[in-house]
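The values are calculated or read from the model by the stated rules, or taken from the named source; none is laboratory data. The model shown is predicted, which means the values in this text are computed figures rather than measured ones. Here Cβ is always computed from backbone atoms with ideal geometry, including for glycine, and neighbour counts include all displayed protein chains.
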Amino acid sequence: MTRVYEGRRVKVEVFSLVLPNGRSMKVERVLFPHVVSVLPVVGGSVVLLRQFRPTLGGYHLEIPSGVVEEGEAPEAAAARELEEEAGFKATRLKLLFEGVVSPGYSTEYSYIFLAEDPERTQPRQEDYEVIETLEIPLSEAFEMLRSGRIRDMRTALALSLYFVERQR
């Protein structure tokens, strides 16, 4: 196994592997820490972040998300990210989903939580984060999802699961 890159958050390695069918292949794998995302619902609105993403060269609508630090429980990371990025303190978190993000090339594993009626606090964003916090009525968020204005997969999954659960 050869490590070809090591950055602040990601590492990239290349190695050869014999597959279960006996064939060999060269694997390029991105090592990425676990991440959390939180869907904050306040009254009849959802809290979304309009966040500048340098890798994509523009703003995107997302729910608060971030890396689970070493030794940190996913729930604690979710509560921390919600407060840091959006300025809300979760009174309780419900796990909506957990799973791999892109198993074809990355080890990234994600936890998605729901925070209903979190308490308002002050955001404590990092210097490199350019974020505007928005409260969007649930009906409008649904239309934004259906029309493709929300393009972040974690946000789309969180909203979809939330809307499905509300219909039960």
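Okay, here's what the table says:
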item	result
Hits in the stretch 116-135 - residues which are surrounded by 12 or more Cβ atoms within 10 Å (Cβ to Cβ) and not charged (D, E, K, R)	Pro118, Thr121, Pro123, Gln125, Val130, Ile131, Thr133, Leu134
Strands (runs of 3 or more DSSP E) wholly inside the stretch 1-83 containing at least 1 residues that are within 14 Å of the chain's Cα centre (by Cα)	35-42, 45-53, 58-62, 65-67
Every residue from the stretch 111-130 that is under 19 Å from Val41 (Cβ atoms) and within 16 Å of the chain's Cα centre (by Cα)	Tyr111, Ile112, Phe113, Leu114, Ala115
Top-ranked residue in the stretch 136-158 [being under 12 Å from the mean Cα position of the chain (by Cα) and assigned to a helix (DSSP H, G or I); ranked as surrounded by the fewest Cβ atoms within 10 Å (Cβ to Cβ)]	Met153
Tally of residues being within 17 Å of Glu98 (Cβ to Cβ) and out of contact with any strand residue (DSSP E or B) (no Cβ under 8 Å at 6 or more places or on another chain) across the stretch 138-164	4
Residue among Val27, Val35, Val14, Val18 that alone is at pLDDT 95 or above and closer than 30 Å to Leu145 by Cβ	Val35
Output for the stretch 58-76, where each listed residue is touching a residue at least 40 places away in the same chain (Cβ under 8 Å), crowded, with 19+ Cβ neighbours inside 10 Å and farther than 17 Å from Ala156 by Cβ	Val68, Pro74
Subset of the stretch 129-152 [aliphatic (A, V, I, L, M) and in contact (Cβ under 8 Å) with a residue 40 or more places away in the chain]	Val130, Ile131, Leu134, Ile136, Leu138, Ala141, Met144, Ile150
Within the stretch 11-51, considering residues that are touching a residue at least 40 places away in the same chain (Cβ under 8 Å) and of a type in the set (Ser, Thr, Tyr), the one nearest to Glu108 (Cα to Cα)	Ser37
